[in-house]
Amino acid sequence: MEILYDKVAAPPVHVDYVPVVLTAKTMEERKEKIQRRMQEKGLDALVVYGDREHGANYAYLTGFEPRFEESVLVLHADGRGYLMLGNENLKMCQYSYLKAETVHVPHFSLPNQPMKNTKSLHELFGDAGLKDGMNLGCAGWKMFTSSYDANEELFDIPSFIMEAIRRNNPSGKIKNAGDIFLDPENGARVLVNANEIAHYEFGAGLASMRVYRALNQAAPGKTELEVAEYLAPLGQPVTVTTICAAGERFTDAVVFPRNKEICLGDKFSVTLGLRGGLTSRAGYVAMGEKDLPEQARDYVEKLAKPYYKTAVCWYEKIGLGVSGREIYEMVEAVLPQADYHWVLNPGHYTGAEEWVSSPVYKGSQIQLRSGMMLQMDIIPSLPGYGGANAEDGIAIADETLRGQLQAEYPKTWHRIQERRNYMENELGIVLKEEVLPLSDLCGYLQPYILNRGYAFKKKR
């Protein structure tokens with residue numbers, strides 16, 4: 001495969017993004033999926049923790065993430081639900097998709113708010129139906145996969161909550177049940193329906209559109225802050241720290257965009273993650289190699305082209321029935337880890353969080369199925385060179401799911417088809433029919449971001 005740096009038409013950047021609401025049918029399907037897995041594990045109840053930063057598993061059942069505070073959902077095997085809510089979230093019970101009783105827990109409120117409770121925290125958990133002798137599953141936001149620990153005994157829930165749960169169930173069993181949501185093969189959140197794809201495509205597409213606008217604004221003399229303004233995502237919540245960084249990153253321990261002037265020859269990276277997907281780009285503020293620092297003037301041949309070739313292989317390899325092991329081995333063959341120093345799984349599930357879990361790892365036997373949403377996430381690193389990054393997301397959909405998406409969400413379907421056509425006809429990337437690009441920028445990478453009309457493509 002030969003990679004060209006050549007004149008390329010602009011990607012199909014869309015401006016018609018409108019949120020797609022999750023339906024009551026989708027939310028009922030989610031509850032059924034969770035209860036079925038609870039039954040398989042023999043759980044009497046599932047305790048789901050959520051807060052503003054880590055609320056995706058909680059929101060999977062309720063439809064909302066806790067604002068400001070912590071919250072706990074207790075879902076019993078018989079379908080009974082209890083929402084344990086602090087002062088400012090107390091009103092949210094009436095909006096929850098999952099019908100539940102309210103348990104007011106002032107302990108979950110912000111510091112120094114009124115604590116007008118007449119019961120201790122463990123007694124309030126008793127009001128939510130927890131009692132001794134139960135087989136309890138607890139889910140925060142993680143599923144642990146350590147080779148050295150008993151993963152079911154690790155909990156990512158605040159200790160004061162876990163202590164209260166244990167006091168109610170001293171002789172019962174308590175284990176981490178994050179895998180109910182996140183297991184890369186059988187987790188409830190791993191497969192999505194047409195409504196969910198359309199829902200998440202809004203965030204993935206919007207993120208890509210904003211990144212494209214920001215890249216087109218980057219220029220010597222502007223500041224990171226001025227460029228970052230174009231990343232503003234219609235008030236939507238971000239899933240990762242927004243990046244707009246020129247030159248050396250993290251100076252003075254600042255991880256957000258700085259009031260730092262962009263200079264010719266600077267390394268440059270921009271990242272925006274919304275619910276549904278993340279778009280990230282990295283290259284140089286340059287027209288060509290002559291603008292680069294002398295020691296990095298072979299950047300395109302040394303790093304950027306090999307990386308882009310790997311990205312093309314990833315997009316063309318992905319599809320129904322392909323195993324995580326096959327994808328991992330392909331990446332290792334094209335971009336050897338020992339030479340390019342990537343450390344993360346080269347691809348992962350995405351959705352309400354940027355990284356849900358991953359089926360792509362050494363030896364993985366997990367086969368990709370219809371309804372999976374994945375992100376192409378490969379981050380090479382070579383000392384002395386800026387990064388190369390073209391991270392975006394796709395969905396995998398069989399004929400039935402594609403038909404549902406086309407019939408129920410024609411605008412989403414139209415954008416997906418425009419992206420597919422662009423990738424094949426302009427960039428030379430031939431996707432399998434089941435691969436649906438969710439980002440306007442899938443496959444599009446400019447190593448020199450000032451040379452606006454030029455980008456990488458695969459030679460036909």
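Derivation of every value follows stated rules applied to the coordinates shown; laboratory data play no part. Just so you know, these numbers come straight off a predicted model, no measurement behind them. Note that we place each Cβ from the backbone using ideal geometry, even for glycine, and neighbour counts take in every protein chain shown.
The packing ranking, built from the mean of other Cβ atoms within 10 Å per residue, places the peptides 50-56, 273-279 in the order 273-279, 50-56, highest first.
Do you know the relative contact order of the chain, to the nearest whole percent, from alpha carbon pairs under 8 angstrom that are 6+ apart? The partial results should precede the final answer.
Details: 1018 pairs, mean separation 77.1, N = 460.
So the answer I get is 17 percent.
Legend: ranking of residues H341, H104 from fewest to most surrounding C-beta atoms inside 10 Å; resulting order H341, H104. Here region 398-416 is scanned for amide nitrogen atoms under 18 Å from the site 7 Å beyond the Cα of Q367 along Cα-to-Cβ, giving 398-401. Protection proxy ranking, highest mean first, for peptides 152-165, 416-429: 416-429, 152-165, where packing is the per-residue count of other beta-carbon atoms within 10 Å, averaged.
Can you give the FRET efficiency to the nearest 0.05 for D78 and H414, using r as the Cβ-Cβ distance and R₀ = 45 Å? Working shown, then result.
Details: r = 44 Å, r/R0 = 0.98.
Result of the calculation: an efficiency of 0.55.
Using C-alpha pairs below 8 Å separated by at least 6 residues, the relative contact order for region 303-460 is 24 percent. What number, rounded to the nearest 500 deg cm²/dmol, is the helix-based mean residue ellipticity at 222 nm of the chain, given -39500 (n - 2.57) per DSSP H run of at least four residues and division by all its residues? Calculated mean residue ellipticity at 222 nm is -8500 deg cm²/dmol. Maximal additional length on extending the V18-L264 stretch stands at 84.9 nm, based on 0.36 nm per residue less the C-alpha distance. Against the chain, whose longest principal axis is taken from its Cα atoms, helix 159-168 shows a tilt of about 30°. Place a point 7 Å from the Cα of L225 along the Cα-to-Cβ direction; which residues of region 256-271 have their backbone N under 18 Å from it? Under 18 Å, as judged by backbone N against the label point of L225, lie 256-263 of region 256-271.
Pairs of Cα atoms under 8 Å, at least six residues apart: use those to get the relative contact order of region 44-176, whole percent.
Details: 261 pairs, mean separation 31.8, N = 133.
Answer for region 44-176 is 24 percent.
Using the empirical formula 2.2 N^0.38 Å as the baseline, the Cα radius of gyration of region 301-460 reaches a ratio of 1.03.
Stretch S323-K91 to full length: gain in nm at 0.36 nm per residue minus the Cα-Cα span? Numbers along the way, then the final one.
Working: separation 232, 0.36 × 232 = 83.52 nm, distance 4.49 nm.
My answer for the length gained is 79.0 nm.
Subtracting the Cα-Cα distance of F64 and K173 from 0.36 nm times their residue separation leaves 36.4 nm of extension gain. Note on K119/E28: beta-carbon distance plugged into 1/(1 + (r/R0)^6) with R0 of 25 Å gives a FRET efficiency of 0.15. With the alpha-carbon atoms of region 44-176 aligned to their principal axes, the span from lowest to highest coordinate is 41, 32, 28 Å, starting with the largest. Computed from label points 7 Å out along Cα-Cβ, the spacing between D132 and M287 is 8.0 nm. Taking a straight Cα-Cα cut-off under 17 Å and skipping sequence neighbours fewer than 8 places away in the same chain, the lysines within cross-link reach of K99 are K25, K31, K33, K91.
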